[in-house]
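Single-structure report; data block below.
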Amino acid sequence: MYNFDVEMPTTIAEAVKALGREEAQPMSGGQTLIPTLKARLAAPSVLVSLHGIAEMKGVCNNDAGQLCIGGATTHATVAAEVGTQYPALASLAARIGDPAVRNRGTIGGSVANNDPSACYPAGVLASGATVVTNNREIAADDYFLGMFETALEEGEIVTEVRFPIPEAAHYEKHLQPASRFPLVAVFVAKFADGVRVAVTGASENGVFRWTEAEEALNANFNAEAVAGLKADGSAMISDLHGTGAYRAHLTGVMTKRAVAAITG
Amino acid sequence: MTEVKMTVNGKAASGNVEGRTLLVQFLRENLNLTGTHVGCDTSQCGACVVHVNGEAVKSCTMLAVEANGAEVATIEGQAAPDGTLNTIQQAFQDHHGLQCGFCTPGMVMSAAALLKDNPKPTEADVRHYLDGNICRCTGYHNIVKAIMAASGQDVGTIAAE
Amino acid sequence: MPKDHGIGASSKRREDIRFLTGEGNYTDDINVNGQAYVYFLRSDVAHGTLNGVDTSAADGMPGVVRIFTGADFEAVGSIPCGWQVTDKHGEVMQEPRHPVLAHGKVRHVGEPIAAVVAETLEQARDAAEAIVLDISELPAVINMKDAVKAGAPKVHDDLTSNLCYDWGFVEENKGAVDQAFKDAAHVTTLELVNNRLVANPMEPRVAVGDYSRGTGDHTLFTTSQNPHVIRLLMGAFVLGIPEHKLRVVAPDVGGGFGTKIFHYQEEAFVTFAAKACNRAVKWTSSRSEAFMSDAHGRDHVTKIELALDKDNNFTALRTDTYANMGAYLSTFAPSVPTWLHGTLMAGNYKTPLIYVNVKAVFTNTVPVDAYRGAGRPEATYQLERLVDKAAHELKVDPIKLRRQNFITQFPYATPVAVEYDTGNYVATMDKLEEMADIAGFKKRREASEAKGKLRGFGVNCYIEACGIAPSNLVGQLGARAGLFESCTVRVNATGGLVVMTGSHSHGQGHETSFAQVVADMIGIPEDMVEIVHGDTANTPMGMGTYGSRSLAVGGSAMVRATEKIIAKAKKIASHLLEASEGDVELKDGAFTVAGTDKSVAWGDVTLAAYVPHNYPLEEIEPGLEETAFYDPSNFTYPSGAYACEVELDPETGQVTIERFSAADDFGNIVNPMIVTGQVHGGLAQGIGQALLENCAYDSDGQLLSASYMDYAMPRASDLPFYDVDHSCQTPCTHNPLGVKGCGEAGAIGSPPAVVNAVLDAMRSGGSKVDHVDMPVSPHRVWEAMQG
């Protein structure tokens, strides 16, 4: 690693101020960033740890009944605390990485990084959640812009993610055998006003909504409705672990299974 | 350099570290607690698992300064002061849950975290909990068995010695 | 009633205490006062002309002690290869120079080009980034068949081609084999790949070099399976340091699996640099470095054919294999696809005629050498996949076809130059059939199908050869080393023993099992015996641990040395007892005059040896310390039968192992607990090869699986509890313990069973496919099932 100063702010305001320093970079749980730093693929002068910001930690509900998860809340906490309200999201959090990673990694870090194979982006997008930063609120549909790209601006941090709670939802994941990230994973969320289907791991453009599946499921919320549907494999990742065609196929299978898990 | 202070295995510990110093480096190099190992650089192998404030973490993926003020537990603090192995350590020996010993400290620390949250894990619980701990020697059979035995479950029906 | 101590007892491992409490002493735990750190600048291109290495910007950077390049090693020897294969025309193999640091050319991604020694590792790395490399990239040769085509770019310009050797075995059989194929009633042909693997012991390699100007003594601490071999290879062939001025210490080593046998450049570098810099130099590999600098394993591409007569008897076998050597010849690389592979092609079957052709090929990839099993997994996989395919084509039961062709008479001389001394393949297959509950399979398949899954069952047999020997034979075959083992037994005055073995333990539990043997021979508690290994300063010249040889060869040396101890102690005892030596016997730690109650305790005899007041000084020397070197007369031949049952998700291609049964014949067993553990570990690596692991390069020679993000290590959730049995025991006929070796069996025997099971599952779902290459990943299975 190149060396850097570490700032340990205890409030969002302090964090924002620290991020104003030259070549400053925020770090939440560090579970992706620290390995990146070890490989010398990033060279911040100042690392601003968001870990000690109490106001960014924890789970609550707002007046609109949304589930509000602080940006610095670990996967372990989400897994443990949202199970009653939003079991599919708790299940997603409980299956990220491994237990030690879940004790450090945070929702804000995951959403800010927007790894094309991360789990949370699928949950956030399928839920139609709102990504709250230190200075604005961004709808999930406007937030994820592509592989490792988001609507966040320099120095902007994810302080909270607000989830409307669907009537039913399920997250179905097929693992990449080495990294244990999703090779393809699909989050299906059924709301009173429609179904949202988000796919991670598959596309070269990062997490995306599979609108054909949404339309089919809006017409008939049943696994059979998507059984014959083929995702477009042309923009899908092809690598050692699967071709684009395989990922496109898995997108269909995971979607079908997620729906089947909901309908029982 | 920044001074960090923490409690490690119940004893006060301090030292000067750089911003980039990892917790595992602080433990191994500053405190000479070399039982915690480094087996990869992508946060996957789990040889470096320690407990920070009671939670299992990968000490290779946490900065030493982030552990400032924390309670840290490592493999060196697991046995009784007279050297008697704790229940998990003893189960690993009894059930041959280690061979080369390199992944073992991380396995024992992960197992301790598991049993704290889930005192009677099933075989599947144990296997999934170990997703972040890689062993190349044992094929996991005897590790899983040792952890289940340490939880007080009868492992006599599991195949082989 | 199982024994509670000595040979045959599942004694708990004494080494566990230090490993379980964080008190292990691995190489990276060793720090020498004043040590500096080295960072290797490695090639990021697979093949190129190295026009220049400009260190001028780096030289003065903070903390830099000295920067080394290939030019610093021009007067230093080549990293040696320990085995010279002679090809089918009687020509010796092509053997390129292997420099410590690249000079003139780079030949694989990861090859070290420059080495920065600095006060800290980060400073060394900072300076390495300031080194300017001038490399003209050349086309890389990655695919072996392309590499041997006329006009292919050459990995080594001074060699005539990329063909290291073209080996035929047994060349004289070739005509008869070809004729047998012409006469065959049925021929089964299979083309397959034995996938390239990375051994991945959890402890990455580490080397610390130290040097004393005061004494001229060098010390190397290194993660090695065989410190004496490193001392000899590096001292004699690379750096010109005589053994008495070079101490090599391999302390606690965190797994080896073959990849820590070899002598590596980094070891030579730190030893050289410690003297050049006059301070200790430490190198600790990162896992990312390990992927591109540890020798890889396997990587064979094979066409194999089996001829059968009208009654389904095997009449001939013919193979054509391309074996990847990588860019340089690693220590034992040439022996792996030849003498460790061709000699095993008979397997468990009485096929009368066999011809094996192996072309070893240089490519712009990391060197390939022995990995757990080394040649024998490749042989087993080819043969056992082929026999399964033959059974399928002939519509006969695969177990029945195997049984029909089993070797049943021992000793058995194969047509590929080895003689199996003993074995009982029928017994292990009988045992396996019982363990695998074949009768219940139909019900289990129906249950899987009810869930929308497919279920498959596969078996295979295996034979392996362990304890490669004898030295005079392997010398004729091209080994540049002896393959004996050594042991010194030192008895202390108060009766305790220090057993100094040339074998090395890095997970195998020798400190426990070796002590069991010696304690049992003398009849004393195991804790009176201490096992010392891993340091050339206090152990006799040994060849180390690999090829499942430690107990069969190292244990035999230990038995011989202990026998000498007992013989001398008996002489002393007979003097003390005033009895004739022939009347004195050792039992339960005491010497007794047969038929009397006169006896003298072990401790009294050992005390007399060192306090020789009442002692036959004119007949024997005082003291009680003996050394033995043991050179075996033959290999040992463990064998067994394995069965795998898988469930397959036809929609995703995901395979899960539902059952795995292993019936092995390891001959006599010293510690059943340890043996079972060795099998478990081998199975995980074999199942890993079959389902998960794949070291892949792209066509430019970039390593695609360069970390655990892309190289799939087996995890606990990928694997089942295994059912392991080793009750079938035909003791080895030619070593004193009757042991055969168990370390590699699991890795050798399991891949074909897994793949056979997956294909059975696929066929049960209507697939017509007759082969899928390993790893049979979900993606590959799904693609194959698409037709």
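Compared with the dominant principal axis of the Cα atoms in chain A, helix A:244-263 is inclined by about 80°.
For B:Lys116, C:Lys282, what's the largest-to-smallest order of accessible area, 1.4 Å probe?
From most accessible down to least: B:Lys116, C:Lys282.
In chain C, Cα pairs under 8 Å separated by at least six residues give a relative contact order of 15 percent.
Computed from backbone phi with θ = phi - 60° and the Karplus coefficients 6.51, -1.76 and 1.60, the 3J(HN,Hα) list for region C:438-448 is 4, 4, x, 4, 4, 5, 5, 5, 4, 5, 5 Hz; x is used for glycine and proline. Accessible area per residue was computed with a 1.4 Å probe on protein heavy atoms; A:Ser127 scores about 0 Å². Here each label is just a point 7 Å from Cα along the line to Cβ, and for A:Glu137 and A:Ala64 those points are 0.4 nm apart. Distance from the C-alpha centroid of region C:136-162 to that of region C:403-456: 43 Å, rounded to the whole angstrom.
Secondary structure note: in chain C, about 80% of the DSSP beta bridges are antiparallel.
Distances between placed amide hydrogens fall under 5 Å for C:Val532 paired with C:Val499, C:Met500, C:Thr501, all partners being 5 or more residues away or on another chain. Along the axis of the charge dipole computed for region C:482-545 (Cβ charges of +1 for Lys and Arg, -1 for Asp and Glu, origin at the Cα centre), the listed residues C:His506, C:Leu483, C:Ile522 are led at the positive end by C:Leu483. For region B:87-150, the alpha carbon convex hull comes to 68 Å³ per residue, rounded to a whole number.
Projecting the Cα atoms of A:Phe208, A:Ala261, A:Val226 onto the charge dipole of region A:195-264, computed from C-beta unit charges around the Cα centre, puts A:Ala261 farthest toward the positive end. A Cβ-based charge dipole, computed about the Cα centre of the protein assembly as shown with Lys and Arg at +1 and Asp and Glu at -1, lands at about 1140 debye. Listed by chain and number, the aspartates and glutamates whose alpha-carbon sits under 17 Å from that of C:Lys443, ignoring those within fewer than 8 places in the same chain, are C:Glu433, C:Glu434, C:Glu645, C:Glu647, C:Glu658, C:Asp760.
Divide by every residue of chain C the summed helix terms, -39500 (n - 2.57) for each DSSP H run of at least 4, and state the resulting mean residue ellipticity at 222 nm, rounded to the nearest 500 deg cm²/dmol. It would help to have the intermediate numbers written out before the result.
On the way: 19 runs with 205 residues, N = 787.
Rounded to the nearest 500, the figure is -8000 deg cm²/dmol.
Remark on C:Ala295: its backbone amide H falls under 5 Å from none of the residues 5 or more positions apart or on other chains, H modelled at 1.01 Å from N.
With contacts taken as Cα pairs under 8 Å at a separation of at least 6 residues, region B:2-76 carries a relative contact order of 40 percent.
Farthest toward the positive end of the dipole of the protein assembly as shown, out of B:Asn32, C:His771, C:Ala147, is the Cα of C:His771, where the dipole comes from beta carbon charges about the Cα centre. A cut-off of 5 Å between modelled amide H atoms, ignoring neighbours fewer than 5 places along the same chain, links C:Ala712 with C:Asn694. Note on C:Lys587: accessible area approximately 130 square angstrom, rounded to 10, probe 1.4 Å, nucleic acids and ligands left out.
What does the average come to when, for each residue of peptide C:672-683, you count the partner chain Cβ atoms lying within 10 Å of its Cβ?
Details: counts 2, 6, 3, 1, 6, 12, 5, 3, 10, 10, 2, 2.
Rounded to a whole number, the mean comes out at 5.
Size of the dipole of region A:21-78 about the Cα centre, Lys and Arg at +1 and Asp and Glu at -1 on the beta carbon, nothing else charged, in debye to 20? Don't jump to the answer; show the numbers that get you there.
Numbers: 4 positive and 4 negative charges, 57 e Å.
It comes to approximately 280 debye.
If you average the alpha carbon positions of region C:48-103 and of region B:104-158, how far apart do those two centres end up, in angstrom? Centre-to-centre (Cα) distance: 46 Å. Computed from backbone phi with θ = phi - 60° and the Karplus coefficients 6.51, -1.76 and 1.60, the 3J(HN,Hα) list for region C:470-476 is x, 4, 5, 6, 5, x, 5 Hz; x is used for glycine and proline. What separates the Cα centres of region B:4-60 and region C:268-339 is a distance of 36 Å.
Take every pair of alpha-carbon atoms less than 8 Å apart whose residues are at least six positions apart; their mean separation over the length of region C:156-246 yields a relative contact order of 15 percent. Taking 18 Å as the straight-line reach from the Cα of C:Lys245, the lysines in range (excluding those fewer than 8 positions away in the same chain) are C:Lys275. Computed from backbone phi, the HN-Hα couplings of region C:298-304 come to 6, 6, 10, 10, 9, 10, 10 Hz, rounded to whole numbers (Karplus: 6.51 cos²θ - 1.76 cosθ + 1.60, θ = phi - 60°; Gly and Pro given as x).
The values are calculated or read from the model by the stated rules, or taken from the named source; none is laboratory data. A quick note: this is a predicted structure, and the numbers were derived from the prediction, not measured. Here the Cβ is made from the backbone with ideal geometry for all residues, glycine too, and neighbour counts use every protein chain on show. To get the accessible areas, we keep the full protein, side chains included, count just its heavy atoms, and leave off ligands, DNA and RNA. Shrake-Rupley method; radii C 1.70, N 1.55, O 1.52, S 1.80 Å.
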